[in-house]
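These notes concern the structure reproduced below.
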Amino acid sequence: MNVRDDDGGIILIESSEVPSEAKLPTEYGEFMIRVFHEESTGLDHVALTLGDMQGPDPVLIRVHSECLTGDAFASRRCDCGPQLQAALQAISDRGWGCLLYLRQEGRGIGLHAKIQAYHLQDKGADTLDANLMLGLPADGRDYSIASSMLSALEIHEVSLLTNNPNKVEQLRSHHINVAEMVPLIVGVGEHNRDYLQTKGQRMGHHIKPSDL
């Protein structure tokens with residue numbers, strides 16, 4: 001690829017002519033990274049794919065909501081970081097699959113409000129009540145963008161790595177065939193046990209007391 005013209009100047013290319021996709025070598029293998037822009041929110045969401053998405057079996061996928069504290073800073077208040085790593089490892093072990101990384105920080109309430117909710121949790125509220133005390137939904141995520149991303153990738157039947165049945169229901173409502181719900185219970189510890197218990201007992205997640 002020529003990057004300079006005959007006079008040594010940089011060749012300018014219209015950004016609209018360059019796809020937002022590239023190879024992404026990771027410790028879990030070489031993925032393809034693709035960015036999807038959501039016009040209604042202005043957010044950029046990410047799809048990581050490994051291998052061919054057109055295989056005969058349901059595609060193993062993880063729909064992961066952004067968690068700066070867990071994914072980047074290894075916070076132990078939640079299980080997000082361990083879930084992200086375990087999902088990438090599971091996809092790598094299978095040899096093909098897809099991870100969608102959605103910009104839905106704090107179950108959709110945003111980083112500022114999420115840390116406010118953490119403050120209330122430090123005072124004794126659980127993860128659900130803290131959101132409600134701020135006048136925010138317990139879970140404000142909308143997975144319509146995930147279904148659009150999967151459709152663009154021509155993924156229509158999936159095995160979904162999740163403990164959250166609402167995620168399954170939302171994807172199905174957008175015509176994604178969820179053939180299997182694959183449990184993803186990892187990273188349980190003293191700092192997030194109550195959080196996970198609340199998700200199991202009050203938010204309908206498939207988390208049993210024996211998992212904790």
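The values are calculated or read from the model by the stated rules, or taken from the named source; none is laboratory data. Just so you know, these numbers come straight off a predicted model, no measurement behind them. Neighbour counts run over all protein chains shown; Cβ positions are idealised from the backbone, glycine included.
All of Gly140, Gly189, Gly124, Gly108 fail the test of being surrounded by fewer than 16 Cβ atoms within 10 Å (Cβ to Cβ), outside any helix (DSSP H, G or I), among the small types (Gly, Ala, Ser) and under 15 Å from the mean Cα position of the chain (by Cα), apart from Gly140. When the stretch 191-212 is examined, which residues are found to be of a type outside the set (A, V, I, L, M, F, W, C) and either without any contact (Cβ under 8 Å) to a residue 40 or more places away in the chain or in contact with a Gly (Cβ under 8 Å, 6 or more places away or on another chain) (or both)? Within the stretch 191-212, Arg193, Gln197, Gly200, Gln201, His206, Lys208, Pro209, Ser210, Asp211 meet the criteria.
Among the residues of the stretch 166-186, those identified as of a type outside the set (S, T, N, Q), under 18 Å from Val59 (Cα atoms) and not in a strand (DSSP E or B) are Lys167, Val168, Glu169, Leu171, Arg172, His174, His175, Ile176, Pro183, Leu184. Within the option set Ile176, Ile115, being over 21 Å from Cys67 (Cα atoms) and hydrophobic (A, V, I, L, M, F, W, C) holds for one residue only, Ile176.
Counting only strands (runs of 3 or more DSSP E) that sit wholly inside the stretch 9-72, those with at least 2 residues that are within 13 Å of the chain's Cα centre (by Cα) and surrounded by 16 or more Cβ atoms within 10 Å (Cβ to Cβ) are 43-50, 59-65.
Within the stretch 172-183, the only residue that satisfies the criterion of being surrounded by 18 or more Cβ atoms within 10 Å (Cβ to Cβ) and at pLDDT below 95 is Ile176.
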